[in-house]
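Data block below; observations after.
The values are calculated or read from the model by the stated rules, or taken from the named source; none is laboratory data. Owing to the predicted nature of the structure, the values given are computational and were not obtained by experimental measurement. Please note: Cβ atoms are built from the backbone with ideal geometry, for glycine as well, and neighbour counts cover all protein chains shown.
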Amino acid sequence: MTAADVTSDSNLAALRPPASNAGFSHRSRSRALRNHLARVVMWLAFLIALVPLVWILWSVVTKGGALLLNSTWWTNSQRGITNRMVGGGAAHAIEGTLIEALATAVMAVPVGVMTAIYLVEYGRGRLANIVSFTVDILTGIPSIVAALFIYAVWVTTFGFQRVGFAVCLALVLLMIPVIVRSTEEMLKLVHNDLREASYALGVPKWKTIARVVVPTAFSGIITGILLGLARIMGETAPLLILGPYTKDIATDIFGGLVPTLPTMINQDRTEVLQPAVDRVWGAAMTLILIILLLNIAGRLVSRLGAPKT
Amino acid sequence: MPNITGVSAVDKLSGPERHGPPQGARASTGRLGDRIFSGTARGAGILVIAIVTLVGVFLLSQAIPALAKDKVNFLTSTQWNVDATPLQFGIANLLWVTVLSSALAMVVAVPLGIGVALFITQYAPRWLRGPAASLVDLLAAVPSIVYGLWGLQVLGTHMDGIQGFLIKIFGWLPLFQDAGVAAASTILTVAVVLAIMVLPIVTALSREVFAQTPTTNMEAALALGATRWEMIRTAVLPFGKPGVISASMLGLGRALGETVAVTVILSALAGSAPWSWSMFNGGETFASKIANNAAEFDSPQKAGAFMAAGLVLFGLTFIVNAVARAVINRRKAFVE
């Protein structure tokens, strides 16, 4: 932020010579006007960017907030509830979303963290460049393509059914790059002095990484995992292709039916009957709430335990 | 700190080959623990390469049989009859809708994103910088299905006026012709929602690059008597240009592949609908076509047709992301 210091107004006046004829013409009214205009435009850009955020949150809270205050929302499923009926809850979908996320994390975190360790601690030359490049490609892969790929492997090639586990596999593809990139950043922040001190004490390299480098960057890695979870929980495309929705509680990820919050929204999004519409927005509100909590938790973790450098 | 959008300039600017930790080659003495650990790390890296390769290979291998049976030109046909016995499918419609919606989104998102990034790095009072950045990042935390829901049911109800206004003024252009689709479900509405979705991506990366402008460059401009805006134009923007291009490409990649928001908002047209250039038309993008027909993958042949569409989408995003990386890498060399 030191670069920004020079731009504060008081410094600006101090820095500007009283009369300059090199590079820029004399300060004319049009230049001052343009300068002023630019400031207004930048402020406007920021305010415009806030409009959709406030508007979306407002819509979701006013349309779906009321349902969440009811305790049955958190404890009941939609079993036996038709579109005309008020009631039921999102417990099945919340549970399903959490299970999917957890199962995905169990697979994606080790691969992601080890890949980051490879890139920072071991990777040199061609292979490391290719790994880094493919992580970038994976970052940009559309979720629908990841889902199609898993469909091609899981259903078409192996002949299995569409199940929750297949959804997890697709989500793994989307979560790995988030974890690799954030872990990589954190590992790079670990001071080399720590590594050198460890080597000097005769600690082998793998132990240095496992006992010195990773623990130092631990909170940052946790933050990355939480942000990765936040990213995949809102994904819907893999669920559309690989995870059939059910109104009932279904906790078996190999059981075929996968109730989740995104598919709960998707299921009734074209409904016009008020109870169903309310539940759609209620599910949207719940989903945003969970993702926001994960984000806040991620930020808190990274703030509380910033790398001890 | 890792940011919420998942993209970051930091890791791209200081690659492991430059500021990496010491190799500790002596420390790694080929002991069993070292061999296992480095082997696992390398294996994870190779697994990532394998996954990306397999995505291409699997999509290709399943698309080829369907493409071989395709009786119309895959690239130029507007037909999509995967139920017909002589298989007929082409992507002209999908490509147009995908490109048009993403391009319109970028027209809105890139200038706005640059503006917001400049605001956060150059104009905002110090106390506002952190919170402002977090607020914009928050846009990336909203799930795409909620964007879709909001775009259709809330934003969409306000699009009539804008659409009517644009048709009245520019209606003589093919791009602005009235196509008779409800204003809530047009390509334009999709583009607005996509713009909001990619805004945090464009902003986050631009912001990081702008913040790295060398202080000496900025001070030099100010010392020559530049106003703040002139300083930004002569020091900050030229320095940040590759970063902004890269950010835009990453945003574009995201917009091209966005599935659910598009599926929810855009009204899918009947197969017999006439071709239209209009942004007030409905239609389907690659991603929404696949999502809309997820239940129809029952035969390998049908699935193959959709795999072919997915493959094109994968190719598009691959190219866009590769270009984004190439641009930022060139800048890296420049900074050194």
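Okay, residues lined up against (1) of a type in the set (A, V, I, L, M); (2) within 19 Å of A:Ala146 (Cβ to Cβ):
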site	(1), (2)
B:Arg254	no, yes
B:Val262	yes, yes
B:Ser272	no, no
B:Ser276	no, no
B:Glu284	no, no
B:Met307	yes, yes
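Kindly establish whether B:Ile49 is exposed (fewer than 13 other Cβ atoms within 10 Å of the Cβ), modelled with pLDDT of 80 or more and not polar (S, T, N, Q).
When the stated conditions are applied, B:Ile49 does not pass them.
Kindly establish whether A:Met114 is surrounded by fewer than 24 Cβ atoms within 10 Å (Cβ to Cβ) and more than 7 Å from chain B (Cβ to nearest Cβ).
Criteria not met by A:Met114.
Picking from B:Ala92, B:Ala124, which residue would you name as being at pLDDT below 90, on the phi < 0 side of the Ramachandran plot and among the aliphatic types (A, V, I, L, M)?
Only one candidate qualifies: B:Ala92.
Residues that are farther than 27 Å from A:Ile99 by Cα and free of Cβ contacts under 8 Å to residues at least 60 places away in the same chain: list the helices (runs of 4 or more DSSP H) wholly contained in the range A:175-290 that include at least 1 such residues.
Because the criterion is at least 1 residues that are farther than 27 Å from A:Ile99 by Cα and free of Cβ contacts under 8 Å to residues at least 60 places away in the same chain, the helices (runs of 4 or more DSSP H) in the range A:175-290 that meet it are A:192-200, A:205-208.
Kindly indicate whether any position in the range A:123-133 is under 30 Å from B:Lys289 (Cα atoms) and assigned by TED's automatic domain parsing to the domain that holds A:Phe254.
Yes, the range A:123-133 contains a residue that is under 30 Å from B:Lys289 (Cα atoms) and assigned by TED's automatic domain parsing to the domain that holds A:Phe254.
If you take the residues of the range B:279-292 that are in contact (Cβ under 8 Å) with a residue 40 or more places away in the chain and either polar (S, T, N, Q) or facing another protein chain (nearest Cβ under 9 Å) (or both), which of them is nearest to A:Gln161 (Cα to Cα)?
For the range B:279-292, the residue satisfying everything is B:Ala287.
Yes or no: the range A:174-185 includes at least one residue that is of a type in the set (A, V, I, L, M, F, W, C), at pLDDT below 90 and out of contact with any Leu (no Cβ under 6 Å at 6 or more places or on another chain).
Within the range A:174-185 (the criterion being of a type in the set (A, V, I, L, M, F, W, C), at pLDDT below 90 and out of contact with any Leu (no Cβ under 6 Å at 6 or more places or on another chain)), the answer is no, since none of the residues qualifies.
Where in the range A:57-167 are there helices (runs of 4 or more DSSP H), lying wholly inside it, with at least 2 residues that are under 30 Å from A:Ser182 (Cα atoms) and not acidic (Asp, Glu)?
A:91-117, A:125-140, A:143-150
The rows are residues; the columns are (1) in contact (Cβ under 8 Å) with a residue 60 or more places away in the chain; (2) over 16 Å from B:Leu94 (Cα atoms); (3) in contact with a Phe, Trp or Tyr (Cβ under 6 Å, 6 or more places away or on another chain); (4) buried (at least 24 other Cβ atoms within 10 Å of the Cβ).
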position: B:Pro242; (1), (2), (3), (4): yes, yes, no, no
position: B:Ser246; (1), (2), (3), (4): yes, yes, no, yes
position: B:Met249; (1), (2), (3), (4): yes, yes, no, yes
position: B:Ala255; (1), (2), (3), (4): yes, no, no, yes
position: B:Val262; (1), (2), (3), (4): yes, no, no, yes
position: B:Ile265; (1), (2), (3), (4): yes, no, no, yes
position: B:Ala270; (1), (2), (3), (4): no, no, no, no
position: B:Ala273; (1), (2), (3), (4): no, no, no, no
position: B:Trp277; (1), (2), (3), (4): yes, no, no, no
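Regarding the range B:178-192, can at least one residue be identified that is within 12 Å of chain A (Cβ to nearest Cβ) and at pLDDT 90 or above?
Among the residues of the range B:178-192, at least one is within 12 Å of chain A (Cβ to nearest Cβ) and at pLDDT 90 or above, which makes the answer yes.
Determine, yes or no, whether B:Ala226 is in contact with an Asp or Glu (Cβ under 8 Å, 6 or more places away or on another chain) and either farther than 25 Å from B:Pro143 by Cβ or assigned to a loop (DSSP other than H, G, I, E, B) (or both).
Taking the combined requirement at face value, the residue does not satisfy it.
Given the conditions (1) out of contact with any Lys or Arg (no Cβ under 8 Å at 6 or more places or on another chain); (2) surrounded by 15 or more Cβ atoms within 10 Å (Cβ to Cβ); (3) modelled with pLDDT under 90, which single one is not true for B:Arg18?
Failing condition for B:Arg18: (2).
For residues in the range A:150-201 being acidic (Asp, Glu) and facing chain B (nearest Cβ under 9 Å), which is surrounded by the fewest Cβ atoms within 10 Å (Cβ to Cβ)?
The extreme case among them is A:Glu196.
Residues that are in a helix (DSSP H, G or I), without any contact (Cβ under 8 Å) to a residue 24 or more places away in the chain and farther than 27 Å from B:Leu166 by Cβ: does the range B:193-205 have at least one?
no
Across the range A:33-71, which residue is farthest from the other protein chains (Cβ to nearest Cβ) among those that are surrounded by 13 or more Cβ atoms within 10 Å (Cβ to Cβ) and modelled with pLDDT under 90?
Ranking the qualifying residues of the range A:33-71, first place goes to A:Asn70.
Do we find that B:Ala84 is aliphatic (A, V, I, L, M) and loosely packed, with under 15 Cβ neighbours inside 10 Å in this structure?
Taking the combined requirement at face value, the residue satisfies it.
Do the conditions hold for B:Trp80, that is, is it more than 9 Å from every other protein chain (Cβ to nearest Cβ) and in contact with a strand residue (DSSP E or B) (Cβ under 7 Å, 6 or more places away or on another chain)?
yes
For the range B:231-336, please list each of the helices (runs of 4 or more DSSP H) lying entirely inside it that holds at least 1 residues being within 30 Å of B:Leu118 (Cα to Cα).
B:237-257, B:260-265, B:300-335
Specify which of the listed residues (B:Val110, B:Val154, B:Val146) is surrounded by fewer than 19 Cβ atoms within 10 Å (Cβ to Cβ), touching a helix residue (DSSP H, G or I) at 6+ places or on another chain (Cβ under 6 Å) and modelled with pLDDT of 90 or more.
Going through B:Val110, B:Val154, B:Val146 in turn, the sole match is B:Val154.
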